[in-house]
1. Against the definition (touching a Leu at 6+ places or on another chain (Cβ under 8 Å), in contact (Cβ under 8 Å) with a residue 60 or more places away in the chain and under 23 Å from residue 140 (Cα atoms)), how does residue 48 come out, yes or no?
2. Does segment 41-53 include one or more residues that are aliphatic (A, V, I, L, M), over 20 Å from the mean Cα position of the chain (by Cα) and buried (at least 16 other Cβ atoms within 10 Å of the Cβ)?
3. For residue 107, indicate whether it is within 13 Å of the chain's Cα centre (by Cα) and of a type outside the set (Phe, Trp, Tyr).
4. Mind listing whichever residues of segment 58-67 are open to solvent by 70 Å² or more (accessible area, probe 1.4 Å) and within 17 Å of residue 97 (Cβ to Cβ)?
5. Of all residues in segment 1-31 being without any contact (Cβ under 8 Å) to a residue 12 or more places away in the chain and among the hydrophobic types (A, V, I, L, M, F, W, C), which is most open to solvent (accessible area, probe 1.4 Å)?
6. With respect to residue 127, determine if the residue is in contact with a Gly (Cβ under 8 Å, 6 or more places away or on another chain), modelled with pLDDT of 95 or more and open to solvent by 40 Å² or more (accessible area, probe 1.4 Å).
7. Pull up segment 100-117, narrow it to residues that are among the β-branched types (Val, Ile, Thr) and out of contact with any Leu (no Cβ under 7 Å at 6 or more places or on another chain), then point me to the one that is nearest to residue 64 (Cα to Cα).
8. Looking at segment 130-144, which of the residues that are more than 20 Å from residue 28 (Cβ to Cβ) and free of Cβ contacts under 8 Å to residues at least 60 places away in the same chain is least open to solvent (accessible area, probe 1.4 Å)?
Amino acid sequence: MYEAIKIVHSYWAYLVVLVVTLATINALIGFFGKKEYAPKDFRISLFGLIVTHLQLLIGIVIFFVSPTIMWFTDGVSVKEIMGDPLLRLYNLEHPLMMILMVVFITIGYSKHKKKLTSTPKFKMLAIFYTIAWLVMLSRIPWANWF
């Protein structure tokens with residue numbers, strides 16, 4: 001079961017990176033280009049929200065079934081986890097930063113819906129999706145991607 005979930009999480013991650021990148025670029029172009037907010041902009045940002053939330057759910061399952069996660073293993077201390085860069089990445093940095101990424105996307109999406117005109121809508125999306133995009137890119141385990 002773990003291997004199947006890991007494969008889904010790994011391949012879904014490509015979609016997450018693609019969609020969040022697209023949504024971020026769309027928001028930046030909309031804001032700096034002074035474009036009118038259209039239904040396609042709503043759908044792009046919504047799809048970014050959906051794919052990141054699904055990835056978070058898959059990641060939570062992996063966090064509790066993965067042999068790489070050592071928090072729940074007898075005999076493994078926090079000092080050992082924090083002392084090993086790879087263990088620290090998988091046990092702390094990647095999960096924490098991806099949760100923050102989802103939080104930023106959720107906040108940006110929620111705030112943009114409350115704005116009434118195009119420029120503030122794009123501004124909220126541009127700020128929060130860009131922060132989320134940078135956070136996401138900072139803690140992807142790139143060595144496992146290629």
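1. yes
2. no
3. yes
4. If the condition is that a residue be open to solvent by 70 Å² or more (accessible area, probe 1.4 Å) and within 17 Å of residue 97 (Cβ to Cβ), then 60 is the only one that fits.
5. Going through the qualifying residues, I end up with 18.
6. yes
7. Result: 103.
8. 141
The values are calculated or read from the model by the stated rules, or taken from the named source; none is laboratory data. Given the structure is predicted, the values throughout are model-derived calculations rather than measurements. Every residue, glycine as well, gets a Cβ built from its backbone with ideal geometry; the counts of neighbours run over all protein chains shown. SASA here: full protein model, heavy atoms, side chains in, ligands and nucleic acids out. Shrake-Rupley method; radii C 1.70, N 1.55, O 1.52, S 1.80 Å.
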